[in-house]
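These notes are about the structure you will find just below.
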Amino acid sequence: MDGALEREFRFADFAEALAFVNRVGELAEDANHHPDIEIHWNRVRLRWWTHVTSSITDRDREMAERVGELV
């Protein structure tokens, strides 16, 4: 998606990738701000952008930074 903050994370296996997605989910629920998530066997891709404004906001940047701390 154009205009989104996007990052891919790699893990040893599906269990690690899924555990990471669950941590991201908890963080997103607490903040009430949710990324688009793609999960593959050992990869997770997150995309942050605010649908209401059709743009990247400070909130997206903050959440992307906080997710980086979960790895």
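The values are calculated or read from the model by the stated rules, or taken from the named source; none is laboratory data. For clarity, every value in this text was computed on a predicted model and none was experimentally measured. Quick reminder, even Gly has a Cβ in these numbers, built from the backbone with ideal geometry, and neighbours come from all protein chains shown.
Taking the numbered list (1) over 16 Å from R7 (Cβ atoms); (2) at pLDDT below 95 in turn, L70 passes all entries but (1). When D58 is tested against (1) at pLDDT below 95; (2) in contact with a strand residue (DSSP E or B) (Cβ under 6 Å, 6 or more places away or on another chain), exactly one condition is not met: (2).
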